[in-house]
Amino acid sequence: MPTDGRLRATMLTFLHILLAGLSGVLWDGIDAFGGVRLVDGDNKCSGRVEVVHHDQWGTVCDHGWDLREADVVCLELGCGLAESALRGAVFGPGGGEIWLRHVQCTGHESSLSRCAVVLYSNAYCTHENDAGVKCSGTLFTPTLALLSPHTVFSPGEAVRFSCSVLLGHHISDFHLYKQGASAPLVMQRAEQTQSRVELTLSDVETFHQGSYSCRYRIKGGFPSHVLDSPPSNSISITVVELLTPQHWYNTSSEAPAGSVIKGHSFNITCSTPHQYPGGSFQLRLIRSNGTVRQSLPALSTSVTFTFASAQSSNEGYYYCLYRVQLGGRTFVSRESQPLPIAVKDPDPVLSPMMVSWLISGLTFIVTVVIVVIMVKVLRNKEKQPSELERETRTCVDNTYVALSINK
């Protein structure tokens, strides 16, 4: 099966042969014409179209003259695209021969001489029918617009742009570029006469953040005639990635793990490595009778929520998240893992430390009492004589001497 391009070319060839049979000679002009020029225009890129044949310049009849032929002339002269294909000798009638009649171009030829033409046609045509063109001079600068309603996105979202140009004929395709990249990220082919296309950047990630512009490309009959337009205006997008915060708590050392003592102070710290202006941390407590939320501005990468006196209402599961508003949108991170905290009543009699101190004190006192009693017993035993000692006292030189009798 022939492709659409081949089918179109076959039909044009058949049409040209038919026209040649009715009005003249079919001629492709490859060797006979030496070039093309624009005469009597406002600048070098506008004027009456003239071609040279056998070293003589002549005009082109405007029969069948449209933007396809005008585009080929403008591109051949390096004058960009055709703004208009003019008929009726707008730039004044020429002189000499009318070399070309019924020029038939597809719009992609590299030269007017590559288009099929009818030479010496019998159709009525005078210099009042001389064809002219007005070229852009350079390729028009396209315009990039953002179709998405915002400029700030989350990872995985799609960003929709549109790229448009005033003249759509002869455009091959449109390209979306990120600033600093040599290769386009998105390419969209253009239909004939299409002047606007949508360019979609799918599943954006953080590396897609930056400025974007678009270009369009036009092609002649040969690869050497591929031209890129100037870059469009730029549009910047932001891709916000919020990491899941980390959180932990601190309290008095005597509290069991995962608990705080009622009446004692404790605090919970939330932290995240990524920071955006105007962000805040939110601490959420889920307890048996409902949910409690409190928020603090993220002046740094972490904040601390302080509780001066733990109560039963502070018992439950704590979650931490980070949120920020950018570009009119609110972005919220995933919640952290639950942090369970139980509130324990203090020991109603004595704390373990006080019991330890009390035992140590009582032990010291008992030890002291025992030592004192033993000392007193020993002293009393030394002062009291035995019964035998009292009965064996004798008097020597009017002095009583106590004699000790060993048993």
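The values are calculated or read from the model by the stated rules, or taken from the named source; none is laboratory data. Nothing here was measured: the structure is a model prediction, and the numbers come from that model. For neighbour counting, all protein chains shown are included, and Cβ atoms are generated from backbone atoms with ideal geometry for every residue, glycine included. Surface areas here come from the heavy atoms of the whole protein model, side chains and all, with no ligands, DNA or RNA. Shrake-Rupley method; radii C 1.70, N 1.55, O 1.52, S 1.80 Å.
Overview of values
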read-out	value
Scope the range 141-159; condition over 15 Å from the mean Cα position of the chain (by Cα) and buried (at least 19 other Cβ atoms within 10 Å of the Cβ); matching residues	142, 144
Tally, over the range 187-203, of residues that are in a strand (DSSP E or B), of a type in the set (A, V, I, L, M, F, W, C) and open to solvent by less than 80 Å² (accessible area, probe 1.4 Å)	3
Given (1) open to solvent by less than 70 Å² (accessible area, probe 1.4 Å); (2) out of contact with any Gly (no Cβ under 8 Å at 6 or more places or on another chain), number of the condition residue 238 does not satisfy	(2)
Selection count, the range 257-302, where residues are among the basic types (Lys, Arg) and within 20 Å of residue 325 (Cβ to Cβ)	2
Of all residues making up the range 298-325, the number that are assigned to a loop (DSSP other than H, G, I, E, B), open to solvent by less than 70 Å² (accessible area, probe 1.4 Å) and farther than 30 Å from residue 241 by Cβ	2
Total residues in the range 53-108, condition of a type in the set (Gly, Ala, Ser) and without any contact (Cβ under 8 Å) to a residue 40 or more places away in the chain	2
When residues of the range 160-186 are limited to those that are charged (D, E, K, R) and within 17 Å of residue 204 (Cβ to Cβ), the one surrounded by the fewest Cβ atoms within 10 Å (Cβ to Cβ)	160
